[in-house]
Amino acid sequence: MKKTGMLLIATLILMNCGGGENEAVKEATTPKLSPEGLTQEQIKHGIGPIGALTLGPQDDVLAAKGAEVFELKCVACHKINERLVGPPLAGVTTKRSPAFIMNMILNPDEMVKKHPEVKAMLAEFYVPMTFQNVTEDDARAILEYLRTL
């Protein structure tokens, strides 16, 4: 009986000492965070409801809808080739990922507060982008329009 108790205690001690491997696996699978606390995915694609997004061929009908939404919601601050309140948007789709652009349209408040590249833009343009009550479908249409520029 005494040997069984000692064996049981030794087994429990050995079971509790074996966590090093699990910690290494946990550390390897935990995403590395930027100094702002963002994942590399968030740095690349922005902060918001849109994850990585792969676009197909240009959709001219959707781009035409995006041009209408852009005229209604965006032209007060953005021009295509000139700086206004915000940056010019020609070529933005070659500089930013599609998801980043949509997240900037859909979640500008959090992007301005947390994303280092958007904070840098705020330091340059002084006025933070505000949410214009754009739906996800409209943001996708604006993105399609921006692809035509």
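Quick note: the coordinates plus some simple rules give every number you see, no bench work behind them. All values derive from a computational prediction rather than experimental measurement. A quick note on method: Cβ atoms are made from the backbone with ideal geometry, for glycine too, and the neighbour counts reach across all protein chains shown.
Just to check I understand the Karplus step: with θ = phi - 60° and J = 6.51 cos²θ - 1.76 cosθ + 1.60, what whole-Hz values come out for region 116-133, glycine and proline as x?
x, 6, 6, 4, 5, 5, 4, 5, 7, 9, 6, 10, x, 5, 10, 6, 9, 6
Using a cut-off of 12 Å between beta-carbons, work out the net charge of the residues near ALA99 (Lys and Arg +1, Asp and Glu -1, ALA99 not included).
Details: positive: LYS44, ARG96, ARG140; negative: GLU41, GLU136.
Net charge around ALA99: +1.
Enumerate the calculated ³J(HN,Hα) couplings along region 142-147 in order (Karplus 6.51 cos²θ - 1.76 cosθ + 1.60, θ = phi - 60°), each rounded to whole Hz, writing x wherever the residue is Gly or Pro.
Values per residue, Gly and Pro as x: 4, 4, 5, 5, 4, 5 Hz.
Just to check I understand the Karplus step: with θ = phi - 60° and J = 6.51 cos²θ - 1.76 cosθ + 1.60, what whole-Hz values come out for region 60-70, glycine and proline as x?
5, 5, 5, 5, 5, 4, x, 5, 5, 5, 4
Can you compute the charge dipole magnitude of region 34-149 about its Cα centre, using +1 on each Lys and Arg Cβ and -1 on each Asp and Glu Cβ, nothing else charged? Give it in debye, rounded to the nearest 20. Write out the running numbers ahead of the final one.
Working: 12 positive and 15 negative charges, 65 e Å.
Charge dipole, region 34-149, about its Cα centre: 320 debye, nearest 20.
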